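**Student:** Here it is, the structure in full.
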Amino acid sequence: FLFVVIFTTFLLCCVDYDVLFANRPLNHSQAGTDRAKVTLPDAVLPAPQCAQRIRASGWIIFMLVMAAVFWLYRLVKVLCSVLGYWEIRSFYIKALNIPSEALCNHSWQEVQARLMALQRRQQLCVHKKELTELDIHHRILRFQNYTVAMVNKSLLPIRFRLPLLGTVVFLTQGLQYNLELLLFRGPGALFQNAWSLRPQCKRAGARRELAQRLARAMVLLGVANLLLCPCVLLWQLLYAFFSYAEGIKREPGSLGARRWSLYGRHYLRHFNELSHELRARLSRGYKPATNYMNSFSSPLLAVLAKNVGFFAGSILAVLIALTVYDEDVLTVQHILTALTLLGLVVTVARSFIPDEHTVWCPEQLLQRVLAHVHYMPDHWQGNASRAETRSEMAQLFQYKAVFILEELLSPIITPLILIFALPPRALDIIDFFRNFTVEVVGVGDICSFAQLDVRSHGNPQWLSAGHTEASAYRQAEDGKTELSLMRFAIAHPRWQPPRPSELFLSHLKEQVQRDAATAPPARPVPPEGPLAASL
């Protein structure tokens, strides 16, 4: 942060661009010395003149003061984090007997097993004799489970229908930070500390008063974001430029690469799934998802890209040939700019031309994606080749260029969402926290969905018929409860689930065994040949 601020100030106030661009000739006093060429020190202003230019600009001083305040805030936050990390390090070394140099050799399951054994010996948590794997995950992922549940129940206003663009999902890091301030970590948040919801949030009689207070806090936070919008927008622009400019120049096709969107990470995340587990699962699904999205191509766009690439490549080839013939061509004004831009156009155009020898099967590709991401709307089944399915998948698996654009627009759009779109949902949010919060002894207040109880939150369409008492309001969408339960049981085979969930798992195993017994024997696919290449 300091580097970006200091370097930007230097570029604005300490560089003589008339000298740098040779708009004004230099009057060198060194006789007998060849100083016809302008050097970088010639374009840098002396320190007193640089300081004078900074003092003469009121808006630069204002930005520097705001940057200093934000830097001090970040410094205090980092120091607090360092103290917390030091305590964690001491706990690992002294209590869990895991030295720092050996930490990389231990899996999370081993660390978790040592923690549960330590609880049985010393009873770190005084309210319980033993800690289970689920208790540990509830403590770590308390707020994340609430966020995953709110996205699953479509409670947050992050989906909008815009003219010409259709349905758009907007969830950025800035908007997520503001939501966390409102609900979990801010001074007037619904949680009064790191483990307990405010008592009035649990009373039905105070719901409307709390909703009005929350809506007012949303509007005030939106106004604060609006006032800080110029500073945040300037920072986003500078950070994006310094982060991506060199990479785009070196590899222009990187903007066409894809990444899992922030909304996709919340939508695809299981309850009680740790961050490293989510990253590993989505990383395994990255290549199948890329193949599926690349299976869609526009013939018209491909023809246009071929022609644009041909025109730009022809001009580029001529300029390169002239440069090889006589290097003085490089001294022509803007010739290097033309070479760079033409190379960029050729690279971008080439990325829109599909490989004519590749044959994709969208249905099989989507099934490969599903094998890793685990979640897919019902209407995708059998419709993998439709443009609607691809556009919905693009909301989960977006272009990197779209991600950068959303983050740049976030300082402008986030205040509007906080002021206009979020307050009408305040009462629903209050009801959600009251209805889906349970207090667990030794753990605190947690999201009830994270208990993985199919009787309370199961969906009859997901093999839980007869084993759930949940209404449509209390059911998790897309089989989130059942799939989260299966993943957690597989990752922690010694964990003892609740009785209804245990029955569900046993019935599921029986169903899988019956399906495996009646299925025809799998025929190996030949390693070579048209069939294997097509698959």
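**Student:** State all residues of the stretch 91-108 that are in a helix (DSSP H, G or I) and over 31 Å from the mean Cα position of the chain (by Cα); if no residue qualifies, say none.
**Tutor:** Hits for the stretch 91-108 are I93, K94, A95.
**Student:** May I ask you to say which residue of R185, R208, R203, R213 is open to solvent by 60 Å² or more (accessible area, probe 1.4 Å) and within 26 Å of the chain's Cα centre (by Cα)?
**Tutor:** One residue alone meets the criteria, R185.
**Student:** Could you pull out the residue among L220, L233, L237, L210 that is assigned to a helix (DSSP H, G or I) and within 23 Å of T437 (Cβ to Cβ)?
**Tutor:** L210
**Student:** Moving to a separate point now. Take the stretch 435-454 and flag every residue that is of a type outside the set (G, A, S), out of contact with any strand residue (DSSP E or B) (no Cβ under 8 Å at 6 or more places or on another chain) and crowded, with 18+ Cβ neighbours inside 10 Å.
**Tutor:** Listed by number, the residues that qualify are V443, F449, L452, D453, V454.
**Student:** Output the residues belonging to the stretch 341-360 that are loosely packed, with under 15 Cβ neighbours inside 10 Å and farther than 25 Å from I248 by Cα.
**Tutor:** Once the filter is applied, which keeps residues that are loosely packed, with under 15 Cβ neighbours inside 10 Å and farther than 25 Å from I248 by Cα, the stretch 341-360 yields E356, H357, T358, V359.
**Student:** Another one. For the stretch 49-80, enumerate the residues that are of a type in the set (G, A, S), farther than 19 Å from V4 by Cα and in a helix (DSSP H, G or I).
**Tutor:** The answer is G58, and nothing else.
**Student:** (1) surrounded by 12 or more Cβ atoms within 10 Å (Cβ to Cβ); (2) aromatic (F, W, Y); (3) more than 30 Å from Q364 (Cα to Cα): which one isn't true of W260, the others all being true?
**Tutor:** The one condition W260 does not meet is (3).
**Student:** I need the full set of residues from the stretch 175-205 which are hydroxyl-bearing (S, T, Y) and either modelled with pLDDT under 95 or touching an Asp or Glu at 6+ places or on another chain (Cβ under 8 Å) (or both), in order please.
**Tutor:** S196
**Student:** Now a separate question. If we keep just the residues of the stretch 240-264 that are modelled with pLDDT of 90 or more and not hydrophobic (A, V, I, L, M, F, W, C), which is farthest from the chain's Cα centre (by Cα)?
**Tutor:** R258
**Student:** Select from the stretch 39-48 the residues that are surrounded by 10 or more Cβ atoms within 10 Å (Cβ to Cβ), of a type outside the set (G, A, S) and not in a loop (DSSP other than H, G, I, E, B) and list them in ascending order.
**Tutor:** D42, V44 - these are the residues of the stretch 39-48 that are surrounded by 10 or more Cβ atoms within 10 Å (Cβ to Cβ), of a type outside the set (G, A, S) and not in a loop (DSSP other than H, G, I, E, B).
**Student:** Looking at the stretch 208-262 only, could you name the residues that are within 28 Å of L12 (Cα to Cα) and small (G, A, S)?
**Tutor:** Selection gives A224, A240, S243, A245, G247.
**Student:** Go through the stretch 109-127 and give me each residue that's over 36 Å from the mean Cα position of the chain (by Cα) and either on the phi < 0 side of the Ramachandran plot or aliphatic (A, V, I, L, M) (or both).
**Tutor:** R120, R121, Q122, V126, H127, listed by residue number.
**Student:** If you don't mind, another one. Specify the residue that is farthest from E392 (Cα to Cα); the eligible residues are those in the stretch 289-309 that are open to solvent by 90 Å² or more (accessible area, probe 1.4 Å) and among the aliphatic types (A, V, I, L, M).
**Tutor:** Restricting to residues being open to solvent by 90 Å² or more (accessible area, probe 1.4 Å) and among the aliphatic types (A, V, I, L, M), the top hit is L304.
**Student:** Moving on. Mind checking whether some residue in the stretch 241-254 is part of a loop (DSSP other than H, G, I, E, B) and either in the same structural domain as L181 (by the TED database) or exposed (fewer than 15 other Cβ atoms within 10 Å of the Cβ) (or both)?
**Tutor:** Taking every residue of the stretch 241-254 in turn, at least one turns out to be part of a loop (DSSP other than H, G, I, E, B) and either in the same structural domain as L181 (by the TED database) or exposed (fewer than 15 other Cβ atoms within 10 Å of the Cβ) (or both).
**Student:** Here's a follow-up. Return the residue satisfying two criteria in turn: it lies in the stretch 161-193 and is in contact (Cβ under 8 Å) with a residue 60 or more places away in the chain and assigned to a loop (DSSP other than H, G, I, E, B), and of such residues it is nearest to V232 (Cα to Cα).
**Tutor:** T172
**Student:** Among the candidates A338, A312, which residue alone is in contact (Cβ under 8 Å) with a residue 24 or more places away in the chain and surrounded by 13 or more Cβ atoms within 10 Å (Cβ to Cβ)?
**Tutor:** Criteria check complete, one pass: A312.
**Student:** Using the structure shown, decide if A371 is in contact with a Pro (Cβ under 9 Å, 6 or more places away or on another chain) and surrounded by 20 or more Cβ atoms within 10 Å (Cβ to Cβ).
**Tutor:** Considered against the rule, which asks whether it is in contact with a Pro (Cβ under 9 Å, 6 or more places away or on another chain) and surrounded by 20 or more Cβ atoms within 10 Å (Cβ to Cβ), A371 comes out as no.
**Student:** Let me ask you something else. Could you figure out which of (1) over 25 Å from W235 (Cβ atoms); (2) open to solvent by less than 50 Å² (accessible area, probe 1.4 Å) isn't true of R89?
**Tutor:** Answer for R89: the failing condition is (2).
**Student:** Of all residues in the stretch 341-358, how many are assigned to a helix (DSSP H, G or I) and without any contact (Cβ under 8 Å) to a residue 24 or more places away in the chain?
**Tutor:** 1
Condition check ((1) of a type in the set (D, E); (2) surrounded by fewer than 19 Cβ atoms within 10 Å (Cβ to Cβ)) across all residues:
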position	(1), (2)
E130	yes, yes
L134	no, no
L141	no, no
N145	no, no
V148	no, no
N152	no, no
R159	no, yes
P163	no, yes
F170	no, no
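The values are calculated or read from the model by the stated rules, or taken from the named source; none is laboratory data. Nothing here was measured: the structure is a model prediction, and the numbers come from that model. Reconstructed Cβ throughout: ideal geometry from the backbone, glycine too, with neighbour counts over all protein chains shown. For accessibility, only protein heavy atoms count, side chains too; no ligands or nucleic acids. Shrake-Rupley method; radii C 1.70, N 1.55, O 1.52, S 1.80 Å.
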